[in-house]
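A.B. asks: Got a structure for you, questions after.
The values are calculated or read from the model by the stated rules, or taken from the named source; none is laboratory data. Quick caveat, the model's predicted, so the values are computed rather than measured. A quick note on method: Cβ atoms are made from the backbone with ideal geometry, for glycine too, and the neighbour counts reach across all protein chains shown.
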Amino acid sequence: MNSIRVTLMATLLAILAACATPPPQTPAPAAPPRDLLVELGDAEAAGDHDAMLSLAHTLLADPATDDALTLDLADLLAREGDTQGALAAYQGVADKEAAAPEPDWARLINLEGRMAEIAAAAGDTSSASIHTGRAVGLVTQHLGIDHPRLAPLLAFAKANGLDMPAIAMAGGFATLQDMELALADSVERGRDTGAAMPSGRRLSPRVFGEEPDFDLVKVFYGTDRAPDPGELLMVDGKPVLDARTYYGSERGKLETGTVIVSVPRNRSLGEIPKPSVLRFDVRPDPARHVIVGDMKIHPDMEAFVREMKLELAKSKRREIFVFIHGYNTKFDAGIERTAQLSVDLEVDGATAFYSWPSAGSLFGYKADRSQITEEAVKDLEDFLLILADRTGAERISVVAHSMGNEFLTLALEQMSRDRPGEKLFNEVIFASPDVDADDFIERVSAIDSLADDFTLYASSKDRALQASRRFNGTGRRAGDSAEPVLLPVLNTIDTSAVSDGGLGHSDIFGGAFTDFQAILWLSIEPDQRCLLGRREEGNAVAWVLGSPRTEFCDQKAFSTAMTTMRRVGVEESAFVLSEQAAEAQSIGSPDAPLWQSALRIVQWLGVAGRFMPETTAAPQ
């Protein structure tokens, strides 16, 4: 009875409390939202192991964390020794892929392979055997027992002393000997088919000739990274420089050099394929992978200028392409990207790369931003002026990506003071600039004489810049087209409609690449690029990728037209495209509409006032 009375009394008090009107209170100020990625970057910069693990696990528990970030966080946990946490994160992504209506089996095999790597590195051969066995089973079940992806998995298992009988059983083999026979077939098949990859690049062998398997690109570089070579590899008693490890993330003096990079031709535009256990590559193959090779450091700037002049003398166009990387970029990764751009842009002259001391870490944003100093800007200015003043180049294009635009805009601003009224460059392109918009406007407004054209690529879907805005606690970033930067001196291109995978921070390497080519190859103005739509913003204009102004102008046709003009010349392009269209039509080729559309684009350019090839009439 007492318990019933107590219950009734509690219920009555609850009802009275609910009905009572509380006195008005001033709400407590909301705490500023935490940006855990920024905090993780600070912890990594400080070497705070415990904080890194705690923040990584907090982010992994957040439902808003996508698969790409999950895998980055898992790799961080693996590096910090939390093997089980890393494996759990990878397993979550793998389980999601396996549950998809149509799983991507290649991706699932890669995830299992990565889990095997993590476990083996931690000495957990039992888990490594389980994940390797799962990967082998997926290969045999979905790709076939003689598929070339089998060989590197089994080679990995042998090299790490894994449980081969258990792996054979997981792979569906009756005996270990059966698996060994399949391995031999897999290795042989890999030799036969290793270079067979879809192209996505070639237009027509009949017009442009068969392309070689790979290009060797000499990348000239300037950097103010301090050397951090560690223990040098010695060959015949002489040290061998390795671009993958030589330069660190501390600032040093400006120096120059060259790196030879092999870049496969048979790949998609913008792709940088690398040898990896995850891609089941047995060994680096220049026909399939981007490979960083010989590196040389110039003894002085005279040697740099002399070698670049020799490179330009071998070319027809005598052009220099310069790329300045963004945040989270190690030296060798920037070299690879520059070499890939050189091949895809078919640079006819010299390719140059400028590298500032980025920490090369996803979580090292604060460390990277601390590198933006007056001295660092002066180093970039000196490097660019050497190219402009001393190489004898006939055309120089400068492209900066992400945080690299902080260095570039500051360097250009200083050049405009030092060299007022001089034109030093042809095209300057600001790609996804991680620069405060007000600062960007102030700097760019003062540099209009330095180049023929200035182009800004921006996206409203740029998640990296949205995070940067929170980190810096300031207004919009120049690369965010939600509030576009529009200036008389600047051609602003909104890439939101073609932004990759929702990230939107590397559009010039992907969805915007064809438009990017048109600028660097032919200096075609936005109103003459039919790929771009026009959007009025008050008294200014923003140009929009993904909204072509003609029914025949899509990405593929525009790329075909631009590539043809680049390769055979502007005056011959209409004639060549006419021949290709006629031939395709005569044999009933499915490419006939593509060639016809490319021809119409060239003709349209003539009507728009840029070109008027004499070999064809203007479209009616």
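A.B. asks: Going through the stretch 325-359 one residue at a time, which ones are under 13 Å from the mean Cα position of the chain (by Cα) and either assigned by TED's automatic domain parsing to the domain that holds THR564 or among the aliphatic types (A, V, I, L, M) (or both)?
C.D. replies: Once the filter is applied, which keeps residues that are under 13 Å from the mean Cα position of the chain (by Cα) and either assigned by TED's automatic domain parsing to the domain that holds THR564 or among the aliphatic types (A, V, I, L, M) (or both), the stretch 325-359 yields ALA333, ILE335, ALA339, LEU341.
A.B. asks: Which condition number does LEU362 fail, the rest of (1) out of contact with any strand residue (DSSP E or B) (no Cβ under 9 Å at 6 or more places or on another chain); (2) modelled with pLDDT under 95; (3) surrounded by 21 or more Cβ atoms within 10 Å (Cβ to Cβ) being met?
C.D. replies: With (1) out of contact with any strand residue (DSSP E or B) (no Cβ under 9 Å at 6 or more places or on another chain); (2) modelled with pLDDT under 95; (3) surrounded by 21 or more Cβ atoms within 10 Å (Cβ to Cβ) applied to LEU362, the lone miss is (3).
A.B. asks: Within the bounds of the stretch 423-434, is there any residue that is of a type in the set (Gly, Ala, Ser) and farther than 18 Å from SER506 by Cβ?
C.D. replies: no
A.B. asks: A further question follows. Going through LEU380, LEU362 one at a time, which residue ends up being of a type outside the set (D, E, K, R), in contact (Cβ under 8 Å) with a residue 12 or more places away in the chain, in the same structural domain as SER523 (by TED's automatic domain parsing) and on the phi < 0 side of the Ramachandran plot?
C.D. replies: The unique qualifying residue is LEU380.
A.B. asks: Only one residue in SER355, SER370 is surrounded by fewer than 18 Cβ atoms within 10 Å (Cβ to Cβ), of a type in the set (S, T, N, Q) and closer than 30 Å to LEU73 by Cβ, so which one is that?
C.D. replies: SER370
A.B. asks: Quick test for you: out of GLY511, GLY475, GLY504, pick the one residue that is surrounded by fewer than 20 Cβ atoms within 10 Å (Cβ to Cβ) and touching a residue at least 24 places away in the same chain (Cβ under 8 Å).
C.D. replies: The match here is GLY475.
A.B. asks: Criterion first (at pLDDT 95 or above and either β-branched (Val, Ile, Thr) or in a helix (DSSP H, G or I) (or both)) does ASP368 satisfy it?
C.D. replies: no
A.B. asks: Follow-up question, since we're still on this one. Can you tell which of ASP434, ASP462 is farther than 26 Å from LEU387 by Cβ, buried (at least 22 other Cβ atoms within 10 Å of the Cβ) and not small (Gly, Ala, Ser)?
C.D. replies: When all the criteria are applied, what remains is ASP462.
A.B. asks: To continue, here is another question. Quick one: GLN141 ticks every box in (1) within 27 Å of the chain's Cα centre (by Cα); (2) free of Cβ contacts under 8 Å to residues at least 60 places away in the same chain except a single one, so which number is it?
C.D. replies: The single condition GLN141 does not satisfy is (1).
A.B. asks: Let me ask something else about it. Taking into account only those residues within the stretch 374-401 that are in a strand (DSSP E or B) and closer than 16 Å to VAL347 by Cα, which is farthest from the chain's Cα centre (by Cα)?
C.D. replies: Among those residues, the one meeting the criterion is ARG395.
A.B. asks: Have a look at PHE353, PHE363, PHE323 and point out the one that is more than 22 Å from GLU271 (Cα to Cα) and in contact with a helix residue (DSSP H, G or I) (Cβ under 6 Å, 6 or more places away or on another chain).
C.D. replies: PHE363
A.B. asks: Pick out the one residue from ALA74, ALA99, ALA78, ALA122 that is more than 24 Å from GLN466 (Cβ to Cβ), buried (at least 18 other Cβ atoms within 10 Å of the Cβ) and without any contact (Cβ under 8 Å) to a residue 60 or more places away in the chain.
C.D. replies: None of the other options fit; the residue is ALA78.
A.B. asks: Name every residue in the stretch 537-558 that is within 15 Å of ALA482 (Cα to Cα) and either assigned by TED's automatic domain parsing to the domain that holds PRO593 or crowded, with 19+ Cβ neighbours inside 10 Å (or both), in order of residue number.
C.D. replies: Matches in the stretch 537-558: ALA542, TRP543, VAL544, LEU545.
A.B. asks: Quick one: in the stretch 559-591, which of the residues that are polar (S, T, N, Q) and over 28 Å from the mean Cα position of the chain (by Cα) is surrounded by the fewest Cβ atoms within 10 Å (Cβ to Cβ)?
C.D. replies: Filtering the stretch 559-591 for residues that are polar (S, T, N, Q) and over 28 Å from the mean Cα position of the chain (by Cα), the one surrounded by the fewest Cβ atoms within 10 Å (Cβ to Cβ) comes out as SER586.
A.B. asks: All but one of (1) part of a helix (DSSP H, G or I); (2) out of contact with any helix residue (DSSP H, G or I) (no Cβ under 6 Å at 6 or more places or on another chain) hold for GLU422; state the number of the condition that does not hold.
C.D. replies: (1)
A.B. asks: Hey, among MET403, MET415, which residue is in contact with a helix residue (DSSP H, G or I) (Cβ under 7 Å, 6 or more places away or on another chain), at pLDDT 95 or above and either farther than 30 Å from GLU39 by Cβ or of a type in the set (Val, Ile, Thr) (or both)?
C.D. replies: None of the others qualify; the one that does is MET415.
A.B. asks: Further, regarding this structure: For ARG134, state whether it is of a type outside the set (A, V, I, L, M) and within 29 Å of the chain's Cα centre (by Cα).
C.D. replies: Criteria not met by ARG134.
A.B. asks: Sticking with this structure for a sec: Do we have ARG283 as out of contact with any strand residue (DSSP E or B) (no Cβ under 9 Å at 6 or more places or on another chain) and modelled with pLDDT of 80 or more here?
C.D. replies: It is false that ARG283 is out of contact with any strand residue (DSSP E or B) (no Cβ under 9 Å at 6 or more places or on another chain) and modelled with pLDDT of 80 or more.
A.B. asks: Something else: Checking TRP521 against (1) touching a helix residue (DSSP H, G or I) at 6+ places or on another chain (Cβ under 6 Å); (2) farther than 26 Å from SER573 by Cβ, which test does it fail?
C.D. replies: Among (1) touching a helix residue (DSSP H, G or I) at 6+ places or on another chain (Cβ under 6 Å); (2) farther than 26 Å from SER573 by Cβ, TRP521 violates only (2).
A.B. asks: In the stretch 327-352, which residue that is among the small types (Gly, Ala, Ser) and under 16 Å from ASP224 (Cβ atoms) is surrounded by the fewest Cβ atoms within 10 Å (Cβ to Cβ)?
C.D. replies: GLY334
A.B. asks: Having 3 or more residues that are modelled with pLDDT of 80 or more and touching a Leu at 6+ places or on another chain (Cβ under 8 Å) is the bar; report the helices (runs of 4 or more DSSP H) wholly within the stretch 1-103 that clear it.
C.D. replies: Because the criterion is at least 3 residues that are modelled with pLDDT of 80 or more and touching a Leu at 6+ places or on another chain (Cβ under 8 Å), the helices (runs of 4 or more DSSP H) in the stretch 1-103 that meet it are 36-46, 49-61, 67-79, 83-98.
A.B. asks: Oh, and also: Regarding SER342, is this residue part of a helix (DSSP H, G or I), out of contact with any helix residue (DSSP H, G or I) (no Cβ under 7 Å at 6 or more places or on another chain) and farther than 29 Å from THR245 by Cβ?
C.D. replies: Considered against the rule, which asks whether it is part of a helix (DSSP H, G or I), out of contact with any helix residue (DSSP H, G or I) (no Cβ under 7 Å at 6 or more places or on another chain) and farther than 29 Å from THR245 by Cβ, SER342 comes out as no.
One line per residue, one yes/no per condition, for (1) within 30 Å of ASP591 (Cα to Cα); (2) assigned by TED's automatic domain parsing to the domain that holds GLY113; (3) in contact with a strand residue (DSSP E or B) (Cβ under 8 Å, 6 or more places away or on another chain); (4) modelled with pLDDT of 80 or more:
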{"position": "ALA157", "(1), (2), (3), (4)": "no, yes, no, yes"}
{"position": "ASP163", "(1), (2), (3), (4)": "no, yes, no, yes"}
{"position": "MET169", "(1), (2), (3), (4)": "no, yes, no, yes"}
{"position": "ASP178", "(1), (2), (3), (4)": "no, yes, no, no"}
{"position": "ASP185", "(1), (2), (3), (4)": "no, yes, no, no"}
{"position": "LEU203", "(1), (2), (3), (4)": "yes, no, no, no"}
{"position": "PHE214", "(1), (2), (3), (4)": "yes, no, yes, yes"}
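A.B. asks: Counting only residues that are within 23 Å of the chain's Cα centre (by Cα) and assigned to a strand (DSSP E or B), which one in the stretch 477-495 is nearest to VAL435 (Cα to Cα)?
C.D. replies: Taking the candidates together, the pick is ARG477.
A.B. asks: May I ask you to verify whether ILE429 is in a helix (DSSP H, G or I), aliphatic (A, V, I, L, M) and either within 29 Å of ASP515 (Cα to Cα) or under 27 Å from the mean Cα position of the chain (by Cα) (or both)?
C.D. replies: Against the criterion (in a helix (DSSP H, G or I), aliphatic (A, V, I, L, M) and either within 29 Å of ASP515 (Cα to Cα) or under 27 Å from the mean Cα position of the chain (by Cα) (or both)), ILE429 does not qualify.
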